[in-house]
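Asks: Starting off with a structure, shown below.
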Amino acid sequence: MRDFDQSWRQRLSELETAGRRRRLTASARLADGRIDRGHGGLLDFSSNDYLGLSRHPLVKARAGEFLARWGAGSAASRLVTGNLPPFTGIEAKIAAGKAAPAALLLASGFQANVSLLPALLDKSLWGEEPVVFADRLNHASLIQGCQAAGVRMIRYRHNDYDHLEALLRSEQRTAFIVTETVFSMDGDRSDLAALADLAARYDAFLYLDEAHATGVLGEAGFGLARGMAGGNCLVMGTFSKAMGSFGAYVACSEDLREFLVNRCAGLIYATALPPAVLGAIDAALDLVPGLTAERAHLGALADRLRKGLAAIGKDFGPSTTQIVPLLVGPEQAALDLAASLEKDGILALAIRPPTVPIGQSRLRFALAAGHRIEDIDHLLDCLAR
C-alpha cells in the first residue's frame, strides 16, 4: 500500500527547512494583555482581543445567562430550528450600530467570506460572469471566497485607486470591488470615500471586510464603514476580535439579507451559533459604544509604539491602527527575533509566508486596551537591544 504519511512527512520537512512550519501551543489568556504559554505570564502582543472584552464580567455573565436559558447548543441550522429568539434582537443592534437597513449573523468571519461571495457572484444572477477587483493584500478568506465562486479575480495594487480605476474602466461586465477596511497584516486602512466614489461611477458593488475595525474604529466603535451598507454595498465583520467572542455579521439592505437567507451556504447548511456565544455578542454590542476611553488609550499606545520604532530605525510599514508590524524580511530572522523577545517576557509571534509575501516576514504587534504605556516602553527597550 502507498505510504501517504511519507508525503505528509516530506512536506513538513520542507516547511521546517524553509522556516514555515507551524505548531499548536497551549495558551491560557490572562488579564491586562498577558498570556500563559506554559512558562509563566508573557506580555501578549499577538492576540486580537483589542478591547479585552473576552474577559469582561458582563460578557461572561451574559454568556452564562444565555447558556442557562437556551442550553449549550442551537441544535440545528437557522432555517431549521436553530433560529433562537436572541438572533432577532442581536441583528437589530448590529443594524443600528452599523446604520444599516438590516443585518445577519453567521458562524465565523472565514466561513462568512467563503460563503457570502459565491452567493453574490452567482453567474445566474447577472446573466454573465461577473468580475471581481480585489485588493492585493486581502485576507485569505476573501481570496478563497472569490475562488470558490469560480469567477475571474483581478487583484489591484494595494490601496492604489488609480490602478483600480484603470481596471474598472477596462471592463464592461458586472463588477465587484472586494477589500478590507483595516488590513490585518499591515495595520493600514482603505480610503472608503475613494472606494465609494469609484463604485458609484463604475456601477460596481462594494464588499467591505471590517474584521479589524469593528469595535475599535469609527463612530461609537462600529467600524469605518458605518452608514455605507445597503443595496449596493455589503459590510461584514467579526465578533472574534475586538468584540471578544466569536461569530460574524453582515450589514446590508433588507432585500440582500433575504437573498442571503435563501442563497448563502454558510447560513443554510451550518448549525447556528450556540446560546453562550449569542450572549457574549449581545453584551459586547451593548458595551462597545461606551468604550471611548479604551479606544483612545489603544490609539495612543499604537502612536507611541510607531514613534518609538521610528526612533530606533525600525520599519513598521504604513500602519495607522492598533496593528503595528515590525518588518524583518527572512523567515528565520523573524523566528529568531520572536524567540529573543519571548526570553524577555514578550509574546510577538512571527508572521511568515504564505500569510505574507516571501521576503516580508514580520512580527505583528497587536495592541490591546489592557496594555500600559510601560509595556510599550519595555517592548521598545527590548527591540533596541
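Asks: Keeping to region 1-35, report how many residues are out of contact with any Ser or Thr (no Cβ under 7 Å at 6 or more places or on another chain) and farther than 18 Å from I351 by Cβ.
Replies: Within region 1-35, residues that are out of contact with any Ser or Thr (no Cβ under 7 Å at 6 or more places or on another chain) and farther than 18 Å from I351 by Cβ number 22.
Asks: Among all residue pairs at least 6 apart or on different chains, which show Cβ distances below 6 Å where the first residue, located in region 78-96, is assigned to a helix (DSSP H, G or I) and the second is among the acidic types (D, E) and surrounded by 13 or more Cβ atoms within 10 Å (Cβ to Cβ)?
Replies: I90/D282
Asks: Next question, about the same structure. Inside region 120-167, can you point out the residues that are touching a Phe, Trp or Tyr at 6+ places or on another chain (Cβ under 7 Å) and without any contact (Cβ under 8 Å) to a residue 24 or more places away in the chain?
Replies: R136, I154, Y156, H163 - these are the residues of region 120-167 that are touching a Phe, Trp or Tyr at 6+ places or on another chain (Cβ under 7 Å) and without any contact (Cβ under 8 Å) to a residue 24 or more places away in the chain.
Asks: Have a look at D336, D375 and point out the one that is at pLDDT 95 or above, closer than 17 Å to R23 by Cα and part of a helix (DSSP H, G or I).
Replies: Checking each option against the conditions leaves just D336.
Asks: Is there a residue in region 288-308 that is crowded, with 21+ Cβ neighbours inside 10 Å, in a strand (DSSP E or B) and on the phi < 0 side of the Ramachandran plot?
Replies: no
Asks: Touching a helix residue (DSSP H, G or I) at 6+ places or on another chain (Cβ under 8 Å), assigned to a loop (DSSP other than H, G, I, E, B) and among the polar types (S, T, N, Q): does that describe S47?
Replies: Answer is no for this residue.
Conditions (1) crowded, with 22+ Cβ neighbours inside 10 Å; (2) not β-branched (V, I, T), marked per residue:
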position	(1), (2)
N48	no, yes
L51	yes, yes
L79	no, yes
P86	no, yes
A92	no, yes
F110	no, yes
L121	yes, yes
L125	no, yes
V131	no, no
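Okay, residues lined up against (1) in contact with a helix residue (DSSP H, G or I) (Cβ under 7 Å, 6 or more places away or on another chain); (2) surrounded by fewer than 19 Cβ atoms within 10 Å (Cβ to Cβ); (3) assigned to a loop (DSSP other than H, G, I, E, B):
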residue: R155; (1), (2), (3): no, yes, no
residue: H158; (1), (2), (3): no, yes, yes
residue: D162; (1), (2), (3): no, yes, no
residue: A166; (1), (2), (3): no, yes, no
residue: R169; (1), (2), (3): no, yes, no
residue: S184; (1), (2), (3): no, no, yes
residue: A194; (1), (2), (3): yes, yes, no
residue: A199; (1), (2), (3): no, no, no
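Asks: Modelled with pLDDT under 95, within 23 Å of H212 (Cβ to Cβ), surrounded by 14 or more Cβ atoms within 10 Å (Cβ to Cβ) and not assigned by TED's automatic domain parsing to the domain that holds M243: does that describe S27?
Replies: So S27 passes the test.
Asks: May I ask you to verify whether R34 is within 30 Å of E258 (Cβ to Cβ), within 24 Å of the chain's Cα centre (by Cα), of a type in the set (D, E, K, R) and not assigned by TED's automatic domain parsing to the domain that holds L105?
Replies: Considered against the rule, which asks whether it is within 30 Å of E258 (Cβ to Cβ), within 24 Å of the chain's Cα centre (by Cα), of a type in the set (D, E, K, R) and not assigned by TED's automatic domain parsing to the domain that holds L105, R34 comes out as no.
Asks: S253 is checked against (1) out of contact with any Pro (no Cβ under 8 Å at 6 or more places or on another chain); (2) modelled with pLDDT of 95 or more; (3) closer than 30 Å to P86 by Cβ and fails just one. What number does that condition carry?
Replies: Among (1) out of contact with any Pro (no Cβ under 8 Å at 6 or more places or on another chain); (2) modelled with pLDDT of 95 or more; (3) closer than 30 Å to P86 by Cβ, the lone unmet condition for S253 is (1).
Asks: Let me ask something else about it. Which one of these is out of contact with any Leu (no Cβ under 6 Å at 6 or more places or on another chain) and either buried (at least 20 other Cβ atoms within 10 Å of the Cβ) or over 30 Å from D191 (Cβ atoms) (or both): A368, A311, A348?
Replies: Being out of contact with any Leu (no Cβ under 6 Å at 6 or more places or on another chain) and either buried (at least 20 other Cβ atoms within 10 Å of the Cβ) or over 30 Å from D191 (Cβ atoms) (or both) holds for just one of A368, A311, A348, which is A368.
Asks: Residues that are of a type in the set (K, R) and outside the structural domain of A270 (by TED's automatic domain parsing): does region 88-108 have at least one?
Replies: No, there is no match, as no residue in region 88-108 is of a type in the set (K, R) and outside the structural domain of A270 (by TED's automatic domain parsing).
Asks: Next question. Would you confirm, using the coordinates I've provided, whether A199 is among the small types (G, A, S), without any contact (Cβ under 8 Å) to a residue 40 or more places away in the chain and within 28 Å of V261 (Cα to Cα)?
Replies: When the stated conditions are applied, A199 passes them.
Asks: If you check A72 against the conditions, is it in a loop (DSSP other than H, G, I, E, B) and either under 17 Å from G266 (Cβ atoms) or touching a Pro at 6+ places or on another chain (Cβ under 8 Å) (or both)?
Replies: yes
The values are calculated or read from the model by the stated rules, or taken from the named source; none is laboratory data. All values derive from a computational prediction rather than experimental measurement. Because the Cβ atoms are built from the backbone with ideal geometry, glycine has one as well, and the counts that use them run over all protein chains shown.
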